[in-house]
Amino acid sequence: MCNKNAAAQGLLQIENDRVIVTEWCFPPKGETGWHKHAYDYVVIPEQDGQLKIVTAEGESYAQLTAGQSYYRPAGIEHNVINANDYDFAFVEVELK
């Protein structure tokens, strides 16, 4: 269960010389704020749901499925927003 403020909350699980593993929990309409990843990363959703992705080029929606991982390269500045009316969580693995 997420804290009910407007921000997504990250819980660092592992950080070493090879990876950073963080669990992210988003309350409804919760967002990460604008950020850019320094490393390539993999996201593993913990449940089905939809995230709104905002970049300088515009907005899009990503439909995620529990356990269905996806990969993204480093370097794209974006904001991620929970588009669901329920808490949404995923594990992010950054590859150093």
Determine which single condition Val42 fails, assuming it passes every other condition in (1) without any contact (Cβ under 8 Å) to a residue 60 or more places away in the chain; (2) closer than 15 Å to Asn79 by Cβ.
(2)
The condition from (1) at pLDDT 95 or above; (2) exposed (fewer than 14 other Cβ atoms within 10 Å of the Cβ) that His78 misses is numbered (2)
Identify the single condition in (1) surrounded by fewer than 16 Cβ atoms within 10 Å (Cβ to Cβ); (2) more than 22 Å from Leu95 (Cβ to Cβ) that Lys36 does not satisfy, given that it satisfies every other one.
(2)
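Could you check segment 71-92 and list, in sequence order, the residues that are in a strand (DSSP E or B) and either of a type in the set (Asp, Glu) or over 17 Å from Phe26 (Cα atoms) (or both)?
To start, the set of residues in segment 71-92 that are in a strand (DSSP E or B) comprises 71-72, 78-82, 88-92.
Across segment 71-92, the qualifying residues are Tyr71, Arg72, Glu92.
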Looking only at segment 1-10, filter to residues that are outside any strand (DSSP E or B) and hydrophobic (A, V, I, L, M, F, W, C); which one of those is surrounded by the fewest Cβ atoms within 10 Å (Cβ to Cβ)?
Met1
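Out of Gln63, Gln68, Gln13, I need the residue that is more than 20 Å from Val93 (Cβ to Cβ) and of a type outside the set (Phe, Trp, Tyr). Which one?
Criteria check complete, one pass: Gln63.
Yes/no per residue for (1) under 17 Å from Asn3 (Cα atoms); (2) among the aliphatic types (A, V, I, L, M):
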| site | (1), (2) |
| --- | --- |
| Asp17 | no, no |
| His35 | no, no |
| Ala38 | no, yes |
| Asp48 | no, no |
| Ser60 | no, no |
| Asn82 | yes, no |
| Tyr86 | yes, no |
| Ala89 | yes, yes |
| Glu94 | no, no |
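If I ask for residues that are among the basic types (Lys, Arg) and closer than 24 Å to Gly58 by Cβ, which ones from segment 1-34 would you list? Full working, then the answer.
Start the filter on segment 1-34 by keeping residues that are among the basic types (Lys, Arg), which leaves 4, 18, 29.
Across segment 1-34, the qualifying residue is only Lys29.
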So, in segment 4-25, exactly how many residues are without any contact (Cβ under 8 Å) to a residue 60 or more places away in the chain, touching a strand residue (DSSP E or B) at 6+ places or on another chain (Cβ under 6 Å) and under 13 Å from Asp87 (Cα atoms)?
1
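The values are calculated or read from the model by the stated rules, or taken from the named source; none is laboratory data. Predicted model, so just to flag it, every value in this text is computed and none were measured. Every residue, glycine among them, receives a Cβ derived from its backbone with ideal geometry; neighbour counts consider all protein chains shown.
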